[in-house]
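To start, the structure under review is shown below, and the notes come after it.
Throughout, read-outs are computed from the coordinates displayed, never taken from laboratory work. Being a predicted model, the structure only gives us computed values, none of them experimental. Here the Cβ positions follow ideal geometry from the backbone for every residue, glycine too, while neighbour counts run over all protein chains shown.
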Amino acid sequence: MRRCRVPTLGEWSGGPATRTEGRHARSRSAGPSPRVVVANALEGQRCHFVPGPLDSLHGARTEDVEILYTQAKEAYFSGIPILSDDDFDNIESLLRYEKSSLVSKGPRCSLRGLNIYSDASLDKGQTFLLASFWSFLSVLSYGCAARSLPGMLHAEAFDTLNVVVGLGFFSAFFRCLLNVLKGNEVAVKGNCPNCGEEVYAFADFKDVEEEECETECLCHMCRRPLVYRITKHKGIIRPIANGEWAYGKIYSKSIAEDYSP
Ligand SMILES: [Zn+2]
């Protein structure tokens, strides 16, 4: 049976796809787009044409990427994968960013990793509340320091202490607020892989450049230890961005009771 040659994602997109290009790269794909063929390895004669620029995977339409994702998944389960694991993960990340329903699923098992996990998505409401909380504390501490400023100018010890402590707190709270605005601290939510209840956590990234983060906490319903592995897209002022710029998976951690007879 004659089969179309399946390009790697690197060949297909003209270079390794990165999560950081985002949907904004789509706007660069003006003009007639060259066509790239992605074949279904299961059905040698049937090829799917994915219109898009050769220089970026993100130039392809979401519907086309969804078809490619479905074909790659079917091919993987049939034992004849057409994409490498990394390429498949990149496509899945892109679809998650585009909020495709194909990649939102409930709790499930991974035979390869022998674990149970579910999807985590950005919780904009909680992230906004977190930013509001740090803003409130910043204003409060700055107000306390400002009120005692006249006393400090008259060398009153108590007011001087108030100003020093107030400014210290203001500096710490304002740093926390900037952390949220830059996207280094973000709220994510999903279903507990063990009991199915909605759970949330705050993922804390070290800096703007870091894209992966791991947070551990207990499910507030069943007390099962959970690990949140969160990925984010680069950029600034995250809480008001439109895209789904943080997402990931929630893994259920094994405990001693799992192995007791
Ligand atoms: Zn639970």
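What is the spin-label model distance, in nm, from residue 132 to residue 178 if the labels are put 7 Å beyond Cα along the C-beta direction?
Rounded to a tenth, the inter-label distance reads 2.4 nm.
Compute the FRET efficiency between residue 206 and residue 139 as 1/(1 + (r/R0)^6), taking r as their Cβ-Cβ distance and R0 = 25 Å, and round to the nearest 0.05.
Values: r = 27 Å, r/R0 = 1.08.
Calculated value: 0.40.
Using θ = phi - 60° and the Karplus curve 6.51 cos²θ - 1.76 cosθ + 1.60, what whole-Hz ³J(HN,Hα) does each residue of segment 94-102 get, with Gly and Pro shown as x?
Working through the residues one at a time gives 4, 5, 5, 5, 7, 6, 6, 5, 4 Hz.
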